[in-house]
Amino acid sequence: MQQSKRFIILGVGVALALLAVVFSMVGTPGSTDTTSATGGGPEMNLTVPGAECADGKCSLEPGASFKLAVNAVSIPAEGYILAQAWIEFGEALDYKPAGATADEVTWPDCESATALRAFWLPGERTQTTDAELASGVSIGCLAGLIPPLPPSEHTGELFTFSFNCSAEPSSTEVQLLPAGDARAQTSGAQYSLPPDGAQVIPKVSNLTINCGEGGGVTPTPAEPSPTSDGSTPTDTPVQPTATNTSVPPTATNTPVAPDNCGDVNDDGEISSVDALFVLQFTAELLTSLPKSGDINGDGEVTAVDALFILQYVAGLLDELEC
């Protein structure tokens, strides 16, 4: 019984580590040479269900509420164990985030406990906890918590976001950024393959939202950013050169907080190694920790504390409150 407990907890640790690698900004995204299960290459797109749309443009009344959906148009032949996306929606549209991250995930094979979302400030790659200040959102989910994760073959809606049109006539090009984009980096649109999470970067397309008649209003891209070579991203990014290997997980070290909160192994840094110490302690592979592992302050050291550390290392939490 005790041995089973250890395997379960360590399995959760592996899943959490995979989650941190997927959502953190480490390494360089790779691509796996894969064919689509639904014809052509893997693809994601944006739609506004119920709206009047044609030729990549949707027309709505000023101030109208609408849903913006990210869709799996085509998927890898192997299926996928993770789906994620990054959307730049500009400052003219009013984003209304759901209370819980999982509420915006319409992918039926998502394990809700692994759903992660982050808001981004306009014009810069900086997170904010205030969604009203954001002009971008990244979101993703894994198909399970304990490896091996079950592959999904779902096509259709993956994520759905609530917006209001601007009160005045406006036209905004909403961008679905791929992984590897200078803004999105590893948080951009991608599928991950079973069993080890190898990245597949799908073809993506943008969508123009016209609020009001839009007569004479020129669509303005939602803060496009130059790529690493100085060029400007196009609506349909060129697929990265295919490889047959996944990006090796790389630990990201984050400067330690002033009170050393999260630096469980007391090495002067907060990294995924500290999360591993917590998991080893909860699995009774360590009898003590150099520093407190009770990151969320609930009086116990559990796998949840490891998750808080991994989220902080991945930049999904601004600080830890031990």
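The values are calculated or read from the model by the stated rules, or taken from the named source; none is laboratory data. Bear in mind the structure is a predicted one, so any value in this text is a computation, not a measurement. With ideal geometry, Cβ positions are generated from the backbone for all residues, glycine too; neighbour counts draw on all protein chains shown.
For residues in the range 121-141 being closer than 19 Å to Ala98 by Cα and in contact with a helix residue (DSSP H, G or I) (Cβ under 9 Å, 6 or more places away or on another chain), which is surrounded by the fewest Cβ atoms within 10 Å (Cβ to Cβ)?
Leu121
Has the range 93-101 got any residue that is in a strand (DSSP E or B) and among the acidic types (Asp, Glu)?
Checked the range 93-101: at least one residue is in a strand (DSSP E or B) and among the acidic types (Asp, Glu).
Go through the range 303-322 residue by residue and tally those that are touching a residue at least 60 places away in the same chain (Cβ under 8 Å), crowded, with 19+ Cβ neighbours inside 10 Å and under 14 Å from Leu116 (Cβ atoms).
Number satisfying all stated conditions: 6.
Out of the range 153-198, which residues are touching a strand residue (DSSP E or B) at 6+ places or on another chain (Cβ under 7 Å), surrounded by fewer than 24 Cβ atoms within 10 Å (Cβ to Cβ) and polar (S, T, N, Q)?
Correct list: Thr155, Thr160, Ser162, Asn164, Ser166, Ser170, Ser171.
List the strands (runs of 3 or more DSSP E) inside the range 104-186, counting only whole elements, that have at least 3 residues being assigned by TED's automatic domain parsing to the domain that holds Cys58 and either modelled with pLDDT of 95 or more or among the polar types (S, T, N, Q) (or both).
Ranges flagged: 136-142, 156-164, 170-177.
Take the range 277-302 and flag every residue that is surrounded by fewer than 20 Cβ atoms within 10 Å (Cβ to Cβ), hydrophobic (A, V, I, L, M, F, W, C) and in contact (Cβ under 8 Å) with a residue 24 or more places away in the chain.
Residues satisfying the conditions are Ala283, Leu285, Leu289.
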